[in-house]
Amino acid sequence: MKFRRKMLAMLLSGVLAAGMLAGCGGSGGNESSDSGAAASDTETDTDTADGDADSGAGDTSDSAEEGKSGGSYKITTICMALNSDYWHMVEAGAKLAGKELGVEVNVIGPNAESDSATQINMVEDAVNNKVDAIVLAANEPTALVSAATTVKGADIPLVLIDTKLNTDDESLYSCFVGTGNKDAGRQGGEFIASKLESGDKVAIIRGTVGQTVHDDRGAGAEEAMEEAGLEVVAVQPADSDRGKAVDVAENIIQSNPDIKAFYATNDDMALGAYQAVAAANLTDVVVVGFDGTFNAMDSIANGEMAASVAQLPVEEGYQGVINAVKILDGETVEKDQPLDVVVLNEENLEEFRTDLEARIAESGVKLGN
Amino acid sequence: MDNKNNNNITGKAAELISKSGPLVALILLCIFLAFKNENFFTSTNLLNVARQAALNGFLSLGMMVCILTAGIDLSIGYTMTLSTIIMAKCAVEAGVNPVLCLLIGILTGGLLGLVNGLLLTKCKLPHPFISTLGTQNIYKGIGLVITGATPIAGMPAVVKWAGSAFLSSNQDSFLGKIPLSFVIMLIVYALFSVFLNYTTLGRHIYAVGGNINTAGLSGINVDFVRTSVYVISGVMAALGGIMLTGRTDSAYPLSGNLLENDAIAAVIIGGTSFFGGKGNVLGTFTGVLLIAVLRNGLNLLNVSSDMQTIFLGGIIIVAVFIDVVRGGGFKRVKRMKKEEKAAA
């Protein structure tokens with residue numbers, strides 16, 4: 001009897017805990033956006049009122065202008081993942097644009113770049129949340145096509161950043177802002193070629209096999225280096241992980257002691273490769289990474305890594321939101337907007353970094369390191 | 001006499017509360033989200049959740065039968081991936097009849113599951129955690145090799161149908177908003193409920209999970225039962241894969257990554273005992289919905305996916321805690337105390 005009572009009490013507390021968890025869970029996570037949501041709530045209300053009146057008048061561009069002045073757009077930016085500096089810089093750019101234009105910008109993304117099913121869900125959820133525009137960096141160019149179709153079906157403008165979708169149907173998106181990863185990879189390869197002589201041995205350390213971003217970054221560099229007459233002795237995956245990259249680079253150095261350069265498809269792996277190079281006491285090996293993260297910039301400034309291909313993530317997020325707002329305002333935008341790629345090296349590093357830090361500080365986004 | 005009656009009533013109440021724990025959590029979560037976001041409790045969004053739940057719904061069912069026998073299938077995600085890849089290869093590159101492709105996909109899933117089962121029962125690997133951890137990597141690798149690490153797109157309409165169609169082609173009608181994948185999932189869940197409760201194999205699954213030695217002594221072909229559950233799991237994975245292929249119009253080599261986590265979570269949240277022998281289809285169904293609603297709701301509230309992961313983890317712990325309180329743990333402690341007394 002006594003035992004039963006105890007058990008019941010435990011049960012009830014368990015269920016209550018579950019309920020509380022669900023309850024406080026949501027509100028806890030929402031804290032940051034709470035005030036914003038409250039503010040925008042009233043704005044959304046007036047917006048619908050505007051919309052009604054205008055549709056009565058039959059003039060849609062009018063309502064868009066009023067929307068802008070009221071700052072009532074709700075734009076969701078969906079990154080490939082929110083697990084690295086790169087995507088937090090995209091987040092910073094998007095938020096910065098939101099601040100400047102006075103629109104509400106939410107930035108989300110799955111835990112891992114390989115998680116396409118979750119990203120599709122996020123796009124669908126944004127559509128259901130009735131956002132005004134979606135800015136998307138698709139983590140799987142083929143699988144996300146169906147999500148883009150959903151967005152189109154809801155008549156929501158879609159701005160693609162970073163990566164194009166694998167489709168011939170250009171009506172699925174409003175515009176694309178970004179550098180092809182392949183072109184950017186080419187520039188990294190060309191930089192290495194400019195430092196070496198024909199016939200020199202180089203190796204590529206890449207992200208998870210099957211991840212399109214890394215396929216493209218690797219392929220672009222490989223092409224450029226082979227065209228320049230370099231010998232690519234190995235293309236090996238290290239799953240975007242610094243520790244694995246050390247192992248991979250060590251093995252490559254073991255079998256090719258005369259290696260002259262490592263090209264990695266992200267900076268973490270390049271830093272790992274540099275560790276291996278330094279441990280083997282090799283001095284003339286050129287290590288080039290990709291992304292232009294702060295860790296890599298420190299390394300370049302210290303004369304360790306030679307360069308990092310920077311795709312300007314802040315600019316990417318910024319332009320993504322700017323274009324989305326332009327489209328909502330009824331302006332026409334260029335369908336294809338290539339972004340510059342900077343091969344960061346000791347010469348241009350300082351200026352680039354100062355400018356970047358200023359913009360990130362302004363956006364209010366805190367980076368991991 | 002009075003006392004005993006009283007006990008029974010308290011016991012029943014406790015049973016009811018504990019059984020409906022996940023359901024209560026699901027309802028509370030829905031109420032909370034409905035107040036927090038005006039777009040949550042709309043028919044489009046709820047049907048959207050239903051569509052998103054289908055993939056995990058199938059995987060969880062497969063995972064559940066494995067866990068019912070005190071096993072586990074870690075390869076379920078990549079079993080799904082590999083069966084979709086082979087299906088897609090047949091459909092897109094070999095031009096096989098699309099209906100046949102669907103069957104090939106399901107058959108592949110079953111075969112991959114059979115491998116898991118045989119490794120356990122014929123090769124006598126000590127625990128399915130090991131065999132399926134191995135095959136998880138093998139299936140993933142085979143998928144990467146076959147596809148050359150690039151996605152296969154452009155499925156025939158028939159292959160996409162199950163995962164992308166709605167009950168009616170008229171989008172404005174009510175039926176036109178109900179995803180076919182969810183309806184198929186409901187039917188499969190209903191069939192499973194019958195299968196587990198009213199067929200010999202179904203009852204044997206519970207018996208093997210409850211106590212494998214007793215089950216063997218009472219004449220149940222334990223190896224057959226244990227192999228069957230992995231075949232079932234493989235088939236469910238393939239069905240989930242068909243849904244995903246329909247949604248994404250592609251088969252891609254990393255699609256199965258970590259999907260086993262959500263499946264295990266749904267099963268555990270649904271009250272299936274990790275030690276086997278206990279659990280039901282309705283519980284798993286609730287678990288699947290709870291996870292789908294949680295993710296959808298937190299997305300609507302713009303909660304980062306990092307935070308979502310923390311909530312999901314918390315819910316798993318609480319759910320298992322309820323399970324401990326409900327049966328296993330406390331009863332075991334009680335029994336041990338009794339035995340101590342008897343010994344003294």
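Pairs meeting the criteria (first residue in region B:33-48 and facing chain A (nearest Cβ under 9 Å), second residue open to solvent by 30 Å² or more (accessible area, probe 1.4 Å), beta carbons under 7 Å, at least 6 apart or on different chains) are B:39/A:130; B:40/B:34; B:44/B:177.
Here the condition is being under 13 Å from the mean Cα position of the chain (by Cα) and touching a residue at least 60 places away in the same chain (Cβ under 8 Å); of B:181, B:255, B:233, B:250, it holds for B:233 alone.
The single residue among A:196, A:172, A:160 that is under 15 Å from the mean Cα position of the chain (by Cα) and of a type in the set (A, V, I, L, M) turns out to be A:160.
Summed over region A:109-140, residues that are open to solvent by less than 10 Å² (accessible area, probe 1.4 Å), closer than 18 Å to residue B:52 by Cα and β-branched (Val, Ile, Thr) total 2. Just one residue in the set A:193, A:203, A:228 is closer than 20 Å to residue A:272 by Cβ and either away from every other protein chain (no Cβ under 14 Å) or among the basic types (Lys, Arg) (or both); that residue is A:203. Residues in region B:54-68 that are of a type in the set (S, T, N, Q) and either more than 8 Å from the chain's Cα centre (by Cα) or open to solvent by 10 Å² or more (accessible area, probe 1.4 Å) (or both): 1 in all. Just for region A:199-233: of the residues that are under 29 Å from the mean Cα position of the chain (by Cα) and of a type in the set (Val, Ile, Thr), which one is nearest to residue A:310 (Cα to Cα)? If we take residues in region A:199-233 being under 29 Å from the mean Cα position of the chain (by Cα) and of a type in the set (Val, Ile, Thr), then A:213 is nearest to residue A:310 (Cα to Cα).
Within region B:145-154, restricting attention to residues that are modelled with pLDDT under 85 and on the phi < 0 side of the Ramachandran plot, the residue that is surrounded by the most Cβ atoms within 10 Å (Cβ to Cβ) is B:151.
If the condition is being part of a loop (DSSP other than H, G, I, E, B) and of a type in the set (D, E, K, R), then region A:195-237 contributes A:197, A:200.
Please indicate, with yes or no, whether at least one residue in region A:141-158 is crowded, with 23+ Cβ neighbours inside 10 Å and of a type in the set (Asp, Glu). Within region A:141-158 (the criterion being crowded, with 23+ Cβ neighbours inside 10 Å and of a type in the set (Asp, Glu)), the answer is no, since none of the residues qualifies.
The values are calculated or read from the model by the stated rules, or taken from the named source; none is laboratory data. Source: prediction; values computed, not measured. Note: ideal-geometry Cβ built from the backbone for every residue, glycine included; neighbour counts use all protein chains shown. Remember, those area values only see protein heavy atoms, side chains included, never the ligands or the DNA or RNA. Shrake-Rupley method; radii C 1.70, N 1.55, O 1.52, S 1.80 Å.
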